Amino acid sequence: MTKEESMDVTDLPGVGAATADKLAAAGYSDLLSIAVSSISQLADAAGVSESVARKMIQASRDGLNMGFQTGADLLKKRDTIVKLKTGCSNFDTMLEGGFETGAITECFGQYGSGKTQIGHLLAVMCQKDDPDAVAVYIDTENTFRPERIVQFAKGAGLDPEQVLGNVKVARAFNSDHQMLLSEKVADLVKEGMKVKLVVIDSLTAHFRAEFVGRGTLAERQQKLNKHMHTLAMLADKFNLCVYVTNQVMAKPDQFFGDPTEAIGGHIVGHNSTFRIYLRKGKKNTRVAKLVDSPNLPDTECIFNITEAGIEDA
Ligand code: ADP
Ligand code: MG
């Protein structure tokens, strides 16, 4: 075990249980969040003097391995990445194997484009090669359907009961709840659960509904940014796949090209490792376009959603 894993917030100088609770309530639930905080913000959040806050920040930095890794180390880390297949060969080829662990993949598109279906499918497919794998599904729109899990499990030749047992679903009632639930995933892993996938469906709906009007945009983006950082940390630290869905909105001033754009702007876009644009195609098909990837070309594929899964069109 590394020093980083063995140390937590309560190990910092001047932090007892009460201060740790205050910190957690303000979003400082791990060493990294403290290590990168400003002294005055931390002092406010913890209700301590600036000199105590300074010591806490220093101790967090010492406790964390904030150093550099070699390219060779990183290449070795890439070897541990698992690619979750959809079972649709066009789609899997587009992703050069499937949805990667250690990364956030975002699917954005209009209502009915298939974002939620893919979330359900991944919750099943992540269990295909590993009966102990667990999928965490954070449902913000009340669109999770266990019946769909059963159908996809049958389609994949898996035992539906077993698969359902390894899908942990939580309904998020507002954006704060959603953020809290995502932070709790780390606890599930620490309790020994083999979480391979975290689905957030939808990533942006609550944020969009709660922060209306120009004046609240900065606050919304800040919260969304923090949320995405939690998700990125989960993906990286526990080598799990994060799948998030995102809606699009009309761009009224767009005359050429696609008249829609994803919600959440560059905060969501820049924090997602892979971005896929989904839309309805001809004859009830769906078109998926990889629009942003660090190592794959931008390509497109066409598929059908069926009762048993998704398949080449
Ligand atoms: P969104 O992008 O809004 O999340 P969904 O993922 O919910 O969209 O996609 C809904 C679509 O999925 C439906 O309109 C239908 O075409 C398809 N679908 C849902 N359930 C089934 C099913 N059992 N068999 C075939 N297609 C289905
Ligand atoms: Mg949906």
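Tell me yes or no: at least one residue of the range 222-233 is farther than 23 Å from A26 by Cα and either in contact with a helix residue (DSSP H, G or I) (Cβ under 8 Å, 6 or more places away or on another chain) or of a type outside the set (F, W, Y) (or both).
no
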(request) Return yes or no: is V248 farther than 18 Å from S202 by Cβ and within 13 Å of ligand 1 (Cβ to nearest atom)? (result) no
(request) Kindly list the number of the only condition in (1) over 26 Å from the mean Cα position of the chain (by Cα); (2) within 19 Å of K226 (Cα to Cα); (3) open to solvent by 60 Å² or more (accessible area, probe 1.4 Å) that fails for R54. (result) (2)
(message) Let me confirm something: among V169, V189, which residue is open to solvent by less than 40 Å² (accessible area, probe 1.4 Å), among the hydrophobic types (A, V, I, L, M, F, W, C) and at pLDDT 95 or above?
(response) V189
(message) Quick check on my filter: what residues within the range 95-113 are within 16 Å of ligand 1 (Cβ to nearest atom) and either without any contact (Cβ under 8 Å) to a residue 12 or more places away in the chain or of a type outside the set (A, V, I, L, M, F, W, C) (or both)?
(response) T105, E106, G109, Q110, Y111, G112, S113
(message) Looking only at residues that are in contact (Cβ under 8 Å) with a residue 40 or more places away in the chain and part of a helix (DSSP H, G or I) in the range 70-91, which one is nearest to the chain's Cα centre (by Cα)?
(response) F91
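Right, D92: within 30 Å of A250 (Cα to Cα) and away from ligand 1 (no atom under 16 Å from the Cβ) or not?
Criteria met by D92.
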(request) Identify the residue in the range 98-113 that is open to solvent by less than 10 Å² (accessible area, probe 1.4 Å), among the small types (G, A, S) and assigned to a loop (DSSP other than H, G, I, E, B) and, among all such residues, is nearest to ligand 2 (Cβ to nearest atom). (result) S113
(message) If I filter the range 21-31 for residues that are hydroxyl-bearing (S, T, Y), closer than 20 Å to A235 by Cβ, open to solvent by 30 Å² or more (accessible area, probe 1.4 Å) and not assigned by TED's automatic domain parsing to the domain that holds T230, do I get at least one hit?
(response) yes
(request) Any chance you could count how many residues in the range 114-158 are in a loop (DSSP other than H, G, I, E, B) and either more than 14 Å from ligand 2 (Cβ to nearest atom) or over 14 Å from I310 (Cα atoms) (or both)? (result) 17
(request) Output the helices (runs of 4 or more DSSP H) that fall wholly within the range 162-259 and possess 2 or more residues being within 16 Å of ligand 2 (Cβ to nearest atom) and in the same structural domain as E147 (by TED's automatic domain parsing), or say none. (result) 205-210
(request) Scan I263, I305 and give me the residue that is within 16 Å of ligand 2 (Cβ to nearest atom), closer than 30 Å to P160 by Cβ and either touching a residue at least 12 places away in the same chain (Cβ under 8 Å) or touching a Lys or Arg at 6+ places or on another chain (Cβ under 8 Å) (or both). (result) I305
(message) Here is a list: N304, N284, N295. Which entry is surrounded by fewer than 16 Cβ atoms within 10 Å (Cβ to Cβ), assigned by TED's automatic domain parsing to the domain that holds Q110 and within 13 Å of ligand 1 (Cβ to nearest atom)?
(response) N284
(request) Give the residue that is farthest from H120 (Cα to Cα), with candidates limited to residues of the range 179-237 that are within 10 Å of the chain's Cα centre (by Cα) and small (G, A, S). (result) A232
(message) Please count how many residues of the range 266-281 are modelled with pLDDT of 95 or more and open to solvent by 60 Å² or more (accessible area, probe 1.4 Å).
(response) 2
(request) Please indicate, with yes or no, whether at least one residue in the range 58-75 is open to solvent by less than 30 Å² (accessible area, probe 1.4 Å), away from ligand 2 (no atom under 16 Å from the Cβ) and among the hydrophobic types (A, V, I, L, M, F, W, C). (result) yes
(request) Only residues that are open to solvent by 10 Å² or more (accessible area, probe 1.4 Å), of a type in the set (V, I, T) and within 9 Å of ligand 1 (Cβ to nearest atom): list them for the range 114-151, please. (result) T116, T143
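The values are calculated or read from the model by the stated rules, or taken from the named source; none is laboratory data. Because the structure is predicted, anything quoted here is derived from the model rather than measured. Note that each Cβ is placed from the backbone with ideal geometry, even for glycine, and that neighbours are counted across all protein chains shown. Just so you know, the surface numbers come from the protein's heavy atoms only, side chains and all, with ligands and any DNA or RNA stripped out. Shrake-Rupley method; radii C 1.70, N 1.55, O 1.52, S 1.80 Å.
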